[in-house]
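Okay, so here's the structure we're looking at.
The values are calculated or read from the model by the stated rules, or taken from the named source; none is laboratory data. Quick caveat: nothing in here was measured; it's all calculated off a predicted structure. Cβ placement follows ideal geometry from the backbone for every residue including glycine, while neighbour counts extend to all protein chains displayed.
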Amino acid sequence: MQAAPVKARSRIKLSYRETQELTALPEKISALEQEQADIHQSLADPELYRSRADQVKMLQARIEAIDSELIKLLTRWEALEAKQKTLV
């Protein structure tokens with residue numbers, strides 16, 4: 001009796017657009033993290049609160065927006081990586 005041939009498993013291939021997106025994600029994430037660090041540094045300066053108090057709320061809102069965007073990008077990165085590693 002012969003054993004049934006074993007099919008070679010292959011990885012799911014990302015589309016061209018997904019590959020481009022995956023390649024660009026680290027740079028986008030890094031840029032947002034740098035912007036976030038710069039804003040935190042600005043918010044740590046007491047002079048900002050004295051001389052440009054109106055800008056504080058704008059910077060805090062931007063930090064919240066960056067947090068949301070980072071979560072979205074990191075989630076997408078994980079999804080694309082998982083898809084790329086999936087065997088069929």
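What the table shows:
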quantity	calculated
Meets criteria (touching an Asp or Glu at 6+ places or on another chain (Cβ under 7 Å), surrounded by 13 or more Cβ atoms within 10 Å (Cβ to Cβ) and within 19 Å of residue 18 (Cβ to Cβ)) for residue 80	yes
Residues located in the stretch 13-37, provided they are surrounded by 11 or more Cβ atoms within 10 Å (Cβ to Cβ), acidic (Asp, Glu) and within 14 Å of residue 69 (Cβ to Cβ)	33, 35
Qualifying position, being in a helix (DSSP H, G or I), modelled with pLDDT of 95 or more and out of contact with any Phe, Trp or Tyr (no Cβ under 7 Å at 6 or more places or on another chain), among 84, 20	20
Filtered residue count, the stretch 38-57, keeping only those that are assigned to a helix (DSSP H, G or I) and either in contact (Cβ under 8 Å) with a residue 24 or more places away in the chain or surrounded by 11 or more Cβ atoms within 10 Å (Cβ to Cβ) (or both)	9
Residue check for residue 68: under 28 Å from residue 81 (Cα atoms) and small (Gly, Ala, Ser)	yes
Answer from 41, 55, 34, 20 - the residue that is of a type outside the set (A, V, I, L, M, F, W, C) and within 15 Å of residue 81 (Cα to Cα)	20
Residue in the stretch 7-17 that is nearest to residue 85 (Cα to Cα), counting only those that are without any contact (Cβ under 8 Å) to a residue 24 or more places away in the chain and of a type in the set (Ser, Thr, Tyr)	15
So residue 72, is it within 13 Å of the chain's Cα centre (by Cα) and on the phi < 0 side of the Ramachandran plot	yes
